[in-house]
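Notes to accompany the following structure.
The values are calculated or read from the model by the stated rules, or taken from the named source; none is laboratory data. All figures in this text were calculated on a predicted structure; none of them were measured in a lab. Neighbour counts run over all protein chains shown; Cβ positions are idealised from the backbone, glycine included.
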Amino acid sequence: MEAVNIGLLGFGTVGTGVVRIVENHQDDLRSQVGLPIRIAKVLVRDLDKPRGVSVAEDKLTDDPYAVIDDPSIHVIIEVMGGVARTKQYLLDALARGKHVVTANKDLMALHGPELMEQARRYKCDIMYEASVAGGIPIIRTLIDGFSSDRITKIMGIVNGTTNYILSKMTEEGASYLDVLGEAKQLGYAESDPTSDVEGMDAARKMTILSTLGFRTEVELADVSTRGISSVTLEDIRYAKRLGYALKLLGIAERQDEHISITVEPTMVKHTHPLASVGGVFNAVYVYGEAVGETMFYGPGAGELPTATSVVADLVAVVKNLRLGVNGLHSSTVYKPKKLKSDEQISNKYFLLLHVEDRAGVLSQITQIFADHEVSLESVLQQPNPSNPKAEIIIITHDANLAAMKRVLAAFESLDVIQTVQSVYRVEG
Ligand SMILES: NC(=O)C1=CN([C@@H]2O[C@H](COP(=O)(O)OP(=O)(O)OC[C@H]3O[C@@H](n4cnc5c(N)ncnc54)[C@H](OP(=O)(O)O)[C@@H]3O)[C@@H](O)[C@H]2O)C=CC1
Ligand SMILES: N[C@@H](CC=O)C(=O)O
Ligand code: NA
């Protein structure tokens with residue numbers, strides 16, 4: 001073997017970064033793996049599209065099997081996105097003995113176990129560090145760094161696009177749609193940004209992180225998911241005033257072997273380290289029984305940060321190749337899965353209610369909380385100059401989710417409440 005030949009599936013934001021790093025860091029990479037690394041073929045959709053970095057014309061193809069079936073290719077780097085078709089390409093590549101590096105969280109969250117089984121069968125590696133928190137080496141950290149510990153909490157800002165949007169709304173009062181447009185321009189958003197703003201992208205990443213952290217097979221359907229599309233500037237202003245930052249947080253918790261995983265806009269206390277993570281940055285807070293609190297911070301999306309993780313995976317694959325130890329994935333998933341019920345999930349909540357501005361309203365509302373045994377940390381009532389109704393802002397003490405759902409159901413039949421404007425989980 002004279003060189004490691006790469007088949008690159010996709011030449012967009014991340015693919016361009018991979019080609020740049022392989023070119024610009026060639027000497028360092030070669031010193032580490034003992035062989036030159038060559039981009040042998042590149043799959044694109046549109047052969048005529050102008051590219052940010054050039055590759056020889058004869059390397060470009062729009063035929064995926066010209067890459068997958070090429071016997072000279074050792075490693076497939078998949079940075080094209082997509083699920084069903086892409087899964088088939090990777091299953092076929094593995095069956096032909098090619099190692100795989102992918103940045104595709106949609107695919108790994110939905111079909112990770114099947115792809116890993118195929119990799120085991122054909123003694124190949126499949127690595128996916130870039131799939132969660134772009135440039136942060138968090139997957140390696142969970143698999144290797146914490147192999148000796150028992151993780152009980154993973155809490156993360158794992159979507160760069162939504163963190164960018166919420167940060168700009170908070171700092172500049174910018175409009176949601178304007179900032180979403182910017183995030184698309186900057187290459188942060190998915191090709192369909194609905195998966196960013198509705199929380200699905202973060203849910204896929206939390207599926208991957210909690211599977212690794214809790215060593216149990218978490219499925220996407222286990223993640224209760226809510227995005228940021230209904231977050232208003234008013235919510236953000238209230239959060240700020242009360243000493244919180246509004247963040248799209250993924251939170252995975254384990255207690256007595258029961259787990260819960262959520263993705264939702266969350267009020268994070270200003271003193272919590274996650275509150276100051278701004279822009280496209282991501283951060284993952286991990287609590288282990290032995291290690292205690294840890295936090296990992298870095299760019300969550302974008303060309304070169306994401307490509308850094310992809311190429312680091314490539315280096316790991318090639319080192320294994322040189323040692324002849326590819327495909328020796330030890331089992332990181334071996335615990336039976338037990339999900340928490342709503343009665344076992346306990347959080348603080350923030351509520352913003354628009355109500356009739358007359359005597360006795362507040363006591364009717366607080367009575368409903370008392371009836372369902374939810375106790376309150378603070379209650380603030382104020383007139384709203386732009387609305388004849390009053391606003392009530394409530395922060396609860398820790399309350400179980402089932403009780404909170406009963407409170408919200410009871411509010412529906414209380415005619416003094418005009419609207420339940422917002423409900424957010426509170427952390428820190
Ligand atoms: N952008 C980011 O910051 C991050 C992205 N990711 C993940 O990395 C992957 C790639 O993302 P990104 O680079 O942003 O995506 P882009 O849309 O920028 O690039 C996708 C590339 O794949 C090619 N492609 C897509 N579908 C096909 C197809 N059916 N046949 C042939 N070629 C195809 C496109 O070809 P053409 O150029 O001709 O259109 C394009 O070159 C996704 O899975 C994404 O979720 C992960 C972490 C961060
Ligand atoms: N669209 C994603 C890209 C990285 O995974 C994000 O914004 O985080
Ligand atoms: Na990562």
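Could you tell me whether P113 is more than 9 Å from ligand 1 (Cβ to nearest atom), modelled with pLDDT under 95, part of a helix (DSSP H, G or I) and not hydroxyl-bearing (S, T, Y)? Considered against the rule, which asks whether it is more than 9 Å from ligand 1 (Cβ to nearest atom), modelled with pLDDT under 95, part of a helix (DSSP H, G or I) and not hydroxyl-bearing (S, T, Y), P113 comes out as yes. In this entry, S31 is excluded by the filter for residues that are assigned to a loop (DSSP other than H, G, I, E, B), hydroxyl-bearing (S, T, Y) and without any contact (Cβ under 8 Å) to a residue 12 or more places away in the chain.
Scanning segment 133-160 for residues that are assigned to a helix (DSSP H, G or I), more than 11 Å from ligand 3 (Cβ to nearest atom) and over 27 Å from R226 (Cα atoms) yields I143, D144, G145. Of all residues assigned to segment 89-97, at least one qualifies as being outside any helix (DSSP H, G or I) and away from ligand 3 (no atom under 16 Å from the Cβ). Does segment 165-176 contain at least one residue that is under 17 Å from A283 (Cβ atoms) and part of a loop (DSSP other than H, G, I, E, B)? There is no residue in segment 165-176 that is under 17 Å from A283 (Cβ atoms) and part of a loop (DSSP other than H, G, I, E, B). In segment 178-189, the residue that is surrounded by the fewest Cβ atoms within 10 Å (Cβ to Cβ) out of those that are part of a loop (DSSP other than H, G, I, E, B) and either more than 17 Å from the chain's Cα centre (by Cα) or within 16 Å of ligand 3 (Cβ to nearest atom) (or both) is L186. Considering L43, L8, L47, the condition of being farther than 22 Å from A316 by Cβ and within 28 Å of the chain's Cα centre (by Cα) is satisfied by L43 alone. I'd like to verify a number: residues in segment 256-296 that are out of contact with any Asp or Glu (no Cβ under 8 Å at 6 or more places or on another chain), more than 14 Å from E427 (Cα to Cα) and of a type in the set (G, A, S), how many? Total meeting the criteria: 3. Scanning segment 328-345 for residues that are closer than 26 Å to I136 by Cβ and either in a loop (DSSP other than H, G, I, E, B) or at pLDDT 95 or above (or both) turns up L328, H329, S330, S331, T332, V333, Y334, K337.
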